[in-house]
1. Given Cβ point charges of +1 (Lys, Arg) and -1 (Asp, Glu) and nothing else, what value in debye, to the nearest 20, does the dipole of the stretch 1-125 about its Cα centre take?
2. Relative contact order for the chain: what percent, with Cα pairs under 8 Å and sequence separation of 6 or more?
3. Taking the Cβ-Cβ separation of Ala307 and Glu449 as r and a Förster radius of 60 Å, what is the calculated FRET efficiency to the nearest 0.05?
4. Taking a label point 7 Å from the Cα of Glu2 along the Cα→Cβ vector, which residues of the stretch 257-280 have an amide N closer than 19 Å to it?
5. At a 1.4 Å probe radius, carbon and sulfur cover how many percent of the accessible area of the chain?
6. What ranking of His280, His376 comes out by heavy-atom accessible area, probe 1.4 Å, highest first?
7. Under 13 Å from a point placed 7 Å out from the Cα of Leu352 along the Cα-to-Cβ direction: which residues of the stretch 32-57 have their backbone N that close?
8. Classify the stretch 281-405 from the C-alpha gyration tensor, please: rounded if a/c falls under 1.5, else prolate or oblate depending on whether a/b exceeds b/c.
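The values are calculated or read from the model by the stated rules, or taken from the named source; none is laboratory data. Just so it is clear, the structure is predicted and the values come from calculations on it, not from any experiment. Counting neighbours? That spans all protein chains shown, and the Cβs are built from the backbone with ideal geometry, glycine included. Note: accessible area is taken over every heavy atom of the protein model, side chains too, but ligands, DNA and RNA are not part of it. Shrake-Rupley method; radii C 1.70, N 1.55, O 1.52, S 1.80 Å.
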Amino acid sequence: PEDTVTSSFASFIPAARPEHLSSTVQHRSKRMILDSIGVGLVGSTTRVFDIALRYCRLYSPVAVSSVYGKPGVKLSPTLAAFTNGVATHSMDFDDTWHPATHPSGAVLPALLAASQMLPPGTKPSGMDFLLAFNVGLEVQGRLMHFSTEAHNIPKRFHPPSVVGTMGSAAATAKLLSLSRAQCSHALGIAASLAGAPMANAATQAKPLHIGNATRLGFEAALLAARGMEANPFILDDIPGCSGFSAFYGVYQPKPLSAPGDHHEFLLEKQDIAFKRFPAHLGMHWVVDAALSVRNLFVNYAGSFSPALIRTIVLKIPVSKYINRPFPSSEHQARHSFQFNACAALLDGEVGLGSFTESSIQRQELRELLDKVVVEHPEDNVANFDKMYGEVALLLHSGDVLTGKCDTFYGHWRKPLSKESLLKKFRSNASHVLPEEKIETIIAMVDNLENLSDSSQL
């Protein structure tokens, strides 16, 4: 079919060329690739990653693709993508976009595995890799802009399990040089493999959403390459027969313009949020607000003394799955406004060690949690582009100290500096790699557009 939304996406994928990527898009996407590799490497130290890896090694007779943090261990391409996707989201440390999704983790592991899968002489270059990555980002971003529902913190399904699967299919289709018709079928197949409920947020199952997105999108492209067909109107709004619109109550798709003079990649317009600590993005507002008010408290009292605090008031948006007064596991703690605010108040920082069992169960932390009261101001909407975090300490003396954060450091409006991003990557990668390999990865990603064989990455 011509002149449909689906056909426009299917045409865009093979038509994208290196010259369509501006210097800004290349720079931002390389930052995303480096950060995603780093969080995948540190994620390979987690229990949920270990479970996924042990499972995949039962079913991987064709072992050609590498696994984060496990030198010498290889799996079949799709299972390597799955395992590395799980690693990427195992700590909720991966990047976030607006409308809300985790774009890199759903695409990068598939491309890394596919690069190793292809035989010698057909390996994609670094520029091929970078272009496919950006095609995957663009498809995710455009799909999210088709519904106003996608702009708010999700309630029903986890967005990367839906748009991420489509992005992985598009990116892999690009890397494998699928035809326009095959790209259309890959998107259609991917739509039948997409989706995960929000009820599994704050559990060990949530990282599977990213693992499945990158793996299943990859599989959709492989199936399309081998001749499997799907509905050619999958992205269109067809009355009485839901395609991708099944995921949204409000769905208004628009054709994707051809890459070139009149098309601007979404990454050109809006940067990505990089997390400074491993927790749900919403936590970053309350942590910065808590650190701000903690500084006021130390100046006021000379040191941080919880005994002087009567009540801790959190002003946060309404979002049920991240409003957790007394989290009992690391995954719940990563999704708790209350925990992250109190951890920041008590320790003056939030980091990897904040989410260990011993840290979560500390008596002094539990005593602070007992003092928390939550308020939901009407102007504080559940939207990563508009929300804020406010932490007020009501003291026994009657004094009130307040800290507020409208834009945390790392948000797309306040991007991490090159130095901060490199510091995060080196810290994460150092858990599994020696320094010389860490520096090699940094140099390779920085020079990705000139790399002759992307499977080296």
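1. 540 debye
2. Working: 939 pairs, mean separation 95.5, N = 457.
In percent, rounded to a whole number, it is 21.
3. In this case the efficiency is close to 0.60.
4. Within reach of a label on Glu2: 257-259.
5. Values: 8920 of 17610 Å².
The value for the chain is 51 percent carbon and sulfur by accessible area.
6. On the way: His280 10, His376 80 Å².
So, going from the largest accessible area down, we get His376, His280.
7. Answer for the stretch 32-57: 38-47.
8. Values: a/c = 1.64, a/b = 1.10, b/c = 1.49.
The shape class here is oblate.
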